[in-house]
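*Asks:* Take this structure, written in structure tokens, and hold onto it; I'll ask about it next.
Read the figures in this text as sums done on the coordinates, not as results from a lab. What you are looking at is a predicted structure, and each value in this text was computed from that prediction instead of being measured. Backbone-built Cβ (ideal geometry, glycine too); neighbour counts: all protein chains shown.
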Amino acid sequence: MSDVKTYPVPASAANAHINKAQYDAMYARSVNEPEAFYREQAEQFLTFSTPFTQVCDYDMTKGEASWFTGGKLNVTVNCIDRHLPKRANQTAIIWEGDDPSVDKHITYAELHEQVCRLANVMRERGVKKGDRVCIYMPMIPEAAYAMLACARVGAIHSVVFGGFSPDALKDRILDSDCRVLITADEGLRGGKAVPLKANADKALASCPNTHTCLVVKRTGGKVNWTEGRDIWYGDAVAAAASNAEPEMMDAEDPLFILYTSGSTGKPKGVLHTTAGYLLHTAMSFKYTFDYKEGDIYWCTADVGWVTGHSYIVYGPLCNGATTLMFEGVPTYPSASRCWDVVDKHKVNQFYTAPTAIRALMGAGNDFVTKSSRKTLRVLGTVGEPINPEAWEWYYHVVGEGRCPIVDTWWQTETGGHMLTPLPGATATKPGSATLPFFGVQPVLLDAEGKEITGAGEGSLAIKASWPSQIRTVYGDHQRMIDTYFSTYKGYYFTGDGARRDEDGYYWITGRVDDVLNVSGHRMGTAEIESALVLHDKVAEAAVVGYPHDIKGQGIYCYVTLMAGTEPSDELKKELVALCNKEIGPIAKPDVIQWAPGLPKTRSGKIMRRILRKIAANEIDSLGDTSTLAEPAVVDELISNRANK
Ligand code: 6R9
């Protein structure tokens, strides 16, 4: 691609932590002498109560990894207590409410107190090391307190995105047998209330083991109450002691479970452990965002996603940083909101998703240019491939050409950044996640599983362990091995395809499996199909993604009805509502096309490749259709293609 632009490191990043020569030297050492490299990094970033005896021990053929074995530590000691001598009065969390006139600064001393109080409440309710606690919260400081209080007592948190439906919440609570749920009366986003407690009530009706539901009063909206189970969070923490002993954990003890979608079956509970996860998120936070003492950092993600875990809570707090938490949405009350918040709180690093960038770009430059943004130093993006047009807009209009863009490629399963530029080290190319982070060894594999050398395109895999590698799928270790360590023996398989150019830069081409990325949210096509076929008038459904200007991918559903059933707009509405109920509003189909038949191979496999082409309106390039059992089905689908 000869028309690809390269942007050198901007002058503003000349004093960054890491320059090009340092990146080259540190990267080489991280892969050639990983033991020595990571021993130094762990000493610099983490505080252990018992030192580790071994840096790492892993077997990529089995998906086994152990980091900092023998070490003991507590994540909250690292994220809070050890900062207190210096930072007791420094702001740990700036909370910006949905309403622009509402905000709050929480110091490290206050954070310590809040986390300890909640830890004591949890202990009073019988929560101990290894127990699972579900967190279903809006973006309020209590969400971070809840995660950290779990870490304080050694419980494993499972944060479920507040946009998920009662059914999705119920499945996740049951899968990991959570005994306690922490939620709020209602969430508030873009001026609209989200009925979290009512959703939780519906979910808990089928979760007999969940004996405690702590409820934060956020809006004061009316809620139903189950005596004995439901407890007002505010009353309970007010009555609890303000100091709580941290539970010392083994380096490999679990820290959290986070559910994510795969290509088949129900969502997987990705499990991360303590020391390795914390080290990788702490290191990458400091180096990727070039975080310096006194900086104000803002990541717009929700804590329900891995980005919120690693880069709102754990990475920043482990560094003693000031992290901004935003309750609302980027377009409320207007498309200026992000830049108003940047000016109001003097934000230095801003980290968001391509879908938000595209939406703000669509709203027009005036919303941006009327703000100052002079404090901004680094701009980040994550969640899906960023199209060069959006990248250029982010760079020139938002960053005025001053701020390096860090396009960070990583996954729930990788815990932290895997491919990313570093602000002072890496020349950037719009649309490329550039080069590997320290310790990360990406490879491209061809169809036979052989490593491609030099420039080329293939499946993206990782060759050696890194500290924040997924350790298991909760309750189903075999599923982890099958999903990530079996496709290519000896490698972690990412599920993404990528291209490497002559400069060794990586360009993610998207998922190679049946996983959609809608506005940066991962969803298995199988999950949506399962929801659709629950309807008693639906015989079969096939779901594919298609290019969508704002969301990146939209959800296109082909639905075959039971014999004798007439299609109708009413039925379409019912199907949309069903997806909403089973999964949540993020799974709302964009298009439903009635499909009298689906293209299948003679062995009965749905040929999604063809369905994707029809959805994308690329009917001239359907590819090989010779294995179709009934070719006429395709012509029929093309002639009835939904008008989008
Ligand atoms: C962190 C996160 C992971 C999937 C991943 C890939 C896509 C994420 C990306 C990106 C291109 C980037 N993805 N960041 N694609 N460029 N900078 O998003 O985790 O929700 O598990 O999604 O998202 O397809 O495999 P998760």
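*Asks:* Suppose we keep just the DSSP beta bridges with both residues in the chain; what percent of those would be antiparallel, to 5?
*Replies:* Given both bridge residues lie in the chain, the antiparallel proportion sits at roughly 60 percent.
*Asks:* A further question follows. What are the lysines whose alpha-carbon lies under 19 Å from the alpha-carbon of residue 197, with same-chain residues fewer than 8 places away excluded?
*Replies:* Residue 197 reaches 170, 217, 222, 581.
*Asks:* When the chain is fully extended, how far beyond the present Cα-Cα distance does residue 463 get from residue 530, taking 0.36 nm per residue of separation?
*Replies:* Extra length from residue 463 to residue 530 when fully extended: 20.7 nm.
*Asks:* Output needed: Cys residues of the chain lacking any neighbouring Cys C-beta below 4.7 Å, sorted by number.
*Replies:* Result for the chain is 56, 79, 116, 150, 207, 213, 299, 318, 338, 403, 557, 579, no neighbouring Cys Cβ within the cutoff.
*Asks:* Turning to a different aspect of this structure: Compute the distance from the alpha-carbon center of segment 559-629 to that of segment 400-474, in whole Å.
*Replies:* Centre-to-centre distance over Cα atoms comes out at 33 Å.
*Asks:* Another question, then. Is the shape of segment 519-640 rounded, prolate or oblate, going by the alpha carbon gyration tensor and its root eigenvalues a ≥ b ≥ c, with a/c under 1.5 for rounded and a/b larger than b/c for prolate?
*Replies:* oblate
*Asks:* Continuing with the same structure: Using the alpha-carbon centroid of each, what span in Å lies between segment 66-133 and segment 298-317?
*Replies:* If you average the Cα positions of each part, the centres end up 14 Å apart.
*Asks:* By DSSP, what percent of the beta bridges with both residues in segment 519-640 are antiparallel, rounded to the nearest 5?
*Replies:* Of those bridges, close to 75 percent are antiparallel.
*Asks:* Another one. May I ask you to compute the full-extension gain from residue 344 to residue 40, defined as 0.36 nm times their residue separation minus their alpha-carbon distance, rounded to one decimal in nm?
*Replies:* The residue 344-residue 40 span can extend by a further 105.7 nm.
*Asks:* What FRET efficiency, computed as 1/(1 + (r/R0)^6) with R0 = 35 Å and r the Cβ-Cβ distance, is obtained for residue 20 and residue 59, rounded to the nearest 0.05?
*Replies:* 0.55
*Asks:* Could you tell me the largest-minus-smallest coordinate of the C-alpha atoms of the chain on each of the three principal axes, in descending order and whole angstroms?
*Replies:* Principal extents (Cα only, largest first): 73, 62, 54 Å.
*Asks:* Still on this structure: Please go through the residue pairs 86/344; 62/266; 129/450; 86/268 and name each one whose alpha carbons sit more than 32 Å apart in this structure.
*Replies:* 129/450; 86/268
*Asks:* Still on this structure, I have one more. Expected output is a single nm value to one decimal: the length gained when fully extending between residue 224 and residue 489, i.e. 0.36 nm times separation in residues minus the C-alpha distance. What is it?
*Replies:* 90.2 nm
*Asks:* Calculate the length of the line joining the C-alpha centroid of segment 141-181 to that of segment 484-553, in whole Å.
*Replies:* When both Cα centres are located, 25 Å separates them.
*Asks:* Run the helix sum for the chain: -39,500 (n - 2.57) per DSSP H stretch of 4+ residues, divided by residue count, reported at 222 nm to the nearest 500 deg cm²/dmol.
*Replies:* Per the formula, -8000 deg cm²/dmol.
*Asks:* Could you tell me which GluC sites (Glu not before Pro) in segment 208-279 are loop residues by DSSP with no more than 11 other beta carbons within 10 angstrom of their beta carbon?
*Replies:* 227
*Asks:* Then there is this: Compare the Cα positions of 525, 543, 561 along the charge dipole of segment 519-640 (+1 at Cβ of Lys, Arg; -1 at Cβ of Asp, Glu; about the Cα centre) and return the one farthest towards the positive end.
*Replies:* 525
*Asks:* Continuing with this model, one more query. Enumerate the aspartates and glutamates that residue 572 could reach by cross-link, defined here as Cα to Cα under 12 Å, with residues fewer than 8 away along the same chain left out.
*Replies:* Straight-distance partners of residue 572: 590.
*Asks:* Continuing with this model, one more query. I need the trypsin sites (Lys or Arg not before Pro) found in segment 458-520, filtered to DSSP loop residues with at most 13 other beta carbons within 10 Å of theirs.
*Replies:* Here the sparse-neighbourhood loop sites are 489.
*Asks:* While we're looking at this one, here's another question. Treat each spin label as a single point 7 Å out from the Cα along the C-beta direction, and report the residue 624 to residue 550 distance in nm.
*Replies:* 4.0
*Asks:* Let me ask another. What FRET efficiency would be calculated for the residue pair residue 248, residue 374, taking the C-beta separation as r and a Förster radius of 45 Å, to the nearest 0.05?
*Replies:* The computed FRET efficiency comes out at 0.50.
*Asks:* To continue, here is another question. What spacing in nm lies between the two simple spin-label points modelled at residue 503 and residue 235, each 7 Å away from Cα in the Cβ direction?
*Replies:* About 6.1 nm, to one decimal.
*Asks:* With charges only on Cβ, +1 for K and R and -1 for D and E, what is the dipole size of the chain about its Cα centre, in debye, rounded to 20?
*Replies:* The dipole of the chain has a size of about 760 debye.
*Asks:* Further, regarding this structure: For segment 273-422, take N as its residue count and report Rg(C-alpha) divided by 2.2 N^0.38 Å.
*Replies:* Its radius of gyration relative to the 2.2 N^0.38 Å reference: 0.97.
*Asks:* Where does the Debye-calculated log10 I(q)/I(0) of segment 434-494 sit at q = 0.24 Å⁻¹, using only Cα point scatterers of equal weight, no solvent?
*Replies:* The computed values of log10 I(q)/I(0) come out as -1.04.
*Asks:* Follow-up question, since we're still on this one. Mind checking segment 61-92 for trypsin sites (Lys or Arg not before Pro) that DSSP puts in a loop (not H, G, I, E or B) and that have at most 15 other Cβ atoms within 10 Å?
*Replies:* 62
*Asks:* Label-point separation (nm) for residue 49 and residue 642, each offset 7 Å from Cα along Cα-to-Cβ?
*Replies:* That separation, rounded to one decimal, is 5.5 nm.
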